[in-house]
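The values are calculated or read from the model by the stated rules, or taken from the named source; none is laboratory data. Quick caveat, the model's predicted, so the values are computed rather than measured. Using ideal geometry, Cβ is built from the backbone for each residue, glycine included, and neighbour counts are taken over all protein chains shown. The protein model used for the area step is the full one, side chains on, heavy atoms only, and it has no ligands, DNA or RNA in it. Shrake-Rupley method; radii C 1.70, N 1.55, O 1.52, S 1.80 Å.
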Amino acid sequence: MHGRPRNGPRSEESAAKAGKLRDLQAQLLHNHHNRIYTNEARAASARLLEINPEIYTAWNYRKLALQSNLKEVTDVEAIKAFVEEELRVVEAALRQNPKSYGAWYHRKWVLNHKFSPANFDHEYWLLGRLMKLDPRNFHGWNYRRFLAALSNVPEVEELMYTMEMIDSNFSNYSAWHNRSFLLSNLLKQKAQGFVSKEKILTDEYDLVHQALFTEASDQSGWFYFLWLLDQTVSPDQPLVASSWPAHGSSWVVSTNRSKSDCRLFPFESSNSCYYLPMSIVPIILYFNQPVSGVSSSTVTVNSVFTSNEDITWRPLSLAKSENAHCWVTYLKISDARSNGTSSVEISLGHSQDIKSAHGSPHTCPVLLKFTIELNCIDAEQPGGEFGEELFVFNSDQVCLPYEDFPISSFDQLKISENHAPVASSWDVETLSNEISLFKGSPDDNCKFVKLTLARLLVAYDAMMSERSPSLQKKTHSEEVLKFFDDLIQLDPVHAKFYEDQRSLVILDQVTFDKESLMKNYGRLCKLASSSHHYHVLQLNKLSLTRIGFVERLLWVQILDLSHNEIQSISGLEALQLLTCLNLANNQLNSFAALEPLRLLSSLRVLDVSFNKIGSYLIDTKRYLCSSPMSHTVDIKEVIKEFQDTEIADYWEVIFIFKELQLTQLNIEGNAVANDNLSLLLKKTIPGLIWLNGDRVQ
């Protein structure tokens with residue numbers, strides 16, 4: 001390890017050790033299966049763990065043995081003896097491997113069950129010895145947090161301990177990390193001496209400067225600085241960042257009694273329209289951070305189309321979590337059959353139930369209003385959804401620029417007037433001072449200096465544009481892009497990370513305001529089957545590797561992301577109006593990367609041609625999972641309708657596409673594309689009309 005040659009044990013010694021290990025493992029399994037918890041059986045398991053602390057079955061066996069032996073024991077000293085035996089076994093295991101997950105977890109399990117009063121003096125003494133051997137051992141720091149909570153040690157005292165460890169070694173990453181953990185709690189609780197966030201963070205900036213300028217090449221202090229920066233710019237409370245339909249907008253819904261779909265027109269433009277399948281209008285709330293608790297009891301929707309009690313909000317998140325940036329519900333226009341104009345109001349009050357992932361409640365009231373004019377007709381409307389006519393992403397069919405923007409004012413998307421008032425200019429002054437400090441750094445070619453400056457400039461631009469949107473543009477974007485270009489060359493090992501960060505800067509540039517968007521926005525003019533225009537946003541050929549700032553794109557209907565370097569489309573699930581999506585000529589390498597599309601009920605046209613799907617096969621002999629989705633999806637349930645064994649190999653295809661209502665799909669140019677896949681796609685997507693540019697028979 002760390003450049004030292006590995007000298008293997010002598011063959012005789014190795015064989016003897018392996019034989020002993022096999023014998024002890026056999027004894028363990030025999031005793032475990034037969035529930036033998038005698039002194040001899042426990043001693044054998046202890047010898048096994050002293051040789052190899054990573055045998056989790058042995059730790060589980062000892063848990064069962066301790067619980068079994070304590071069932072009939074009432075004598076305090078006897079109980080104490082059993083507990084001390086367990087702690088001695090853990091100590092012996094930690095001498096063998098101080099970073100054994102199983103050993104540390106077992107020790108916490110024993111103390112947490114409180115079979116006998118803990119000897120905290122001994123625990124801290126033992127921990128101190130281990131930390132002297134390796135002050136950065138994150139298992140030890142994690143155990144110290146556990147002990148402090150169990151013994152009710154004030155967090156202020158633990159904060160002082162982190163200072164002692166940092167003073168002894170600026171390079172102690174674990175001490176910096178624990179300091180950030182403790183400060184977050186103390187600031188959140190507004191503990192005595194920690195009421196003023198500005199004063200505390202100012203002192204922390206002064207502290208970390210000492211570390212950074214003492215040893216600029218050590219990453220520990222730099223990571224702590226980035227945490228401080230996040231604390232400086234991140235809002236303490238969750239806020240509604242944008243919504244759709246936009247506040248103050250007016251819409252005309254044209255429905256046909258003989259069809260289940262409808263079209264949504266901006267009141268000021270009868271040419272431009274949205275296609276809405278099943279005659280449902282999505283209502284989207286996008287928060288500045290993931291939140292939970294959005295429901296009909298915390299968000300009130302007043303509408304003639306449905307009662308608030310019947311409204312169901314759902315998080316747009318792939319993870320099985322109740323926390324999400326974006327939440328959506330739907331108004332069923334088909335339930336209303338009388339013409340007329342109706343107002344829809346969405347209100348969020350002071351709610352302790354809507355919380356961020358860190359527990360901060362939503363406390364800024366929001367009231368959103370828009371109107372819908374319903375126009376029910378009996379005659380057949382010209383045009384339909386994309387399907388009968390082959391839709392080809394062709395820039396020649398897009399008219400640019402397009403002055404009839406779908407949102408009369410781009411700022412209607414933002415809910416800035418409901419944000420908490422700015423208390424002071426401390427954060428802006430702090431960022432400005434830090435930028436000046438690092439721009440004057442003598443080590444201007446250090447990757448940490450460049451990354452920190454890039455983050456500072458991005459944060460400064462974002463803060464200034466939020467506070468003075470009419471005056472402040474993204475003045476440092478080009479400088480930041482240059483930093484990330486330099487970092488890609490300086491640190492190629494982390495090039496993917498820098499490319500992702502650069503993509504966010506580019507997306508911020510092109511979506512920052514209406515003027516920026518107009519350069520990439522247009523209307524589709526040449527769809528023969530329809531007399532209406534459809535909104536097109538062209539973000540192709542920008543060298544993007546990821547998606548961001550989707551809160552500014554909730555209105556997008558046709559999105560062209562072709563000829564980029566995108567590997568992940570996470571975030572697109574928020575675009576509930578998306579009808580056509582072009583992802584051709586990117587770097588998507590699996591069907592699992594398309595999972596966000598399952599949440600887009602309006603999607604009808606998808607182009608993923610000429611990507612890398614199927615080019616990188618998972619070695620199932622080396623890895624336990626054949627797909628990132630294997631642990632969240634019941635594969636047997638997915639393929640139960642498909643009995644062909646060859647088809648079973650494409651279970652990801654079935655899982656992704658069977659929920660979509662696609663009429664057009666292009667998947668050619670991928671390594672996975674073949675006749676078998678085409679047959680499966682036709683069976684999985686019954687409404688498919690066009691596949692790889694050919695009409696489905």
Taking r as the C-beta separation of HIS30 and ASN394 and R0 as 56 Å, the FRET efficiency to the nearest 0.05 is 0.20
Expressed in nanometres to one decimal, the distance between label points 7 Å along Cα→Cβ at ASN39 and LYS114 is 3.1 nm
Count the lysine pairs in the range 1-145 that are 8 or more places apart or on different chains: how many have C-alpha atoms under 22 angstrom apart?
14
Three-way shape call for the range 281-325 based on the alpha-carbon gyration tensor, with the a/c threshold at 1.5:
prolate
Cα-projected label distance for LEU226 with LEU481, points at 7 Å along beta-carbon direction, nm
2.3 nm
Would you mind checking the pairs LYS450/LYS496; LYS188/LYS450; LYS482/LYS541 and listing those with alpha carbons more than 22 angstrom apart?
LYS188/LYS450
With the crude spin-label approximation of a point 7 Å out along Cα→Cβ, what separation in nm comes out for LYS188 versus GLU77?
4.6 nm
To the nearest 10 square angstrom, how much accessible area does THR684 have with a 1.4 angstrom probe?
10 Å²
Cβ-derived FRET efficiency at R0 51 Å, SER297 paired with ARG95, nearest 0.05
0.40
Name the residues whose placed amide hydrogens come within less than 5 Å of the amide hydrogen of CYS262, ignoring near sequence neighbours (fewer than 5 apart) on the same chain.
LEU276, MET278, SER279
Per-bin percent of Cα-Cα distances, the range 474-613 [10 Å]:
12, 40, 34, 12, 2, 0
Would you mind calculating the gained length between LYS541 and VAL156 on full extension (0.36 nm times residue separation, minus the Cα-Cα distance), in nm to one decimal?
133.4 nm
HN-Hα J couplings of the range 79-91 from phi, Karplus 6.51/-1.76/1.60, θ = phi - 60°, integer Hz, Gly and Pro as x?
4, 4, 5, 4, 5, 5, 4, 4, 5, 5, 4, 5, 4
Under the rule a/c < 1.5 gives rounded, and otherwise a/b versus b/c splits prolate from oblate, where does the range 1-135 land using the Cα gyration tensor?
oblate
Computed D for the range 285-369, Stokes-Einstein, Kirkwood radius over alpha-carbon pairs, 4 °C, 1.567 mPa s, to the nearest µm² per second, is 94 µm²/s
On a full-extension model of 0.36 nm per residue, what is the gain between LYS519 and LYS332, subtracting their alpha-carbon distance, rounded to one decimal in nm?
63.8 nm
Sort 46-55, 510-519 by the packing proxy (mean of other Cβ within 10 Å over each peptide's residues), most packed first.
46-55, 510-519
For ALA241, which sequence-distant residues (separation of 5 or more, or a different chain) have an amide H within less than 5 Å of its own amide H, given hydrogens modelled in the peptide plane?
TYR286, PHE287, ASN288
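Keeping all protein chains in place, calculate the accessible area per residue for the range 49-166 (probe 1.4 angstrom), answer in Å².
Value for the range 49-166: 53 Å² per residue.
If packing is taken as the mean number of other Cβ atoms within 10 Å per residue, what is the order of 650-660, 293-303, highest first?
So the peptides 650-660, 293-303, ranked by packing, come out 650-660, 293-303.
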Averaged over all directions, how much area does the convex hull of the C-alpha atoms of the range 43-197 cover when projected, in nm²?
10.4 nm²
Relative to a virtual label point 7 Å from the Cα of ASP675 in the Cα→beta-carbon direction, which members of the range 681-697 show backbone nitrogen distances below 13 Å?
none
For the range 543-558, in order, what is each residue's ³J(HN,Hα) by Karplus, 6.51 cos²θ - 1.76 cosθ + 1.60 with θ = phi - 60°, in whole Hz (x at glycine and Pro)?
6, 6, 10, 8, 9, x, 6, 5, 5, 8, 10, 4, 8, 5, 10, 10
Please list, in order along the range 344-352, the HN-Hα scalar couplings obtained from phi with the Karplus expression 6.51 cos²θ - 1.76 cosθ + 1.60 (θ = phi - 60°), rounded to whole Hz, x for Gly and Pro.
10, 10, 10, 10, 10, x, 6, 10, 7
Could you order peptides 664-673, 479-488 by the average number of other Cβ atoms within 10 Å of their residues, highest first?
664-673, 479-488
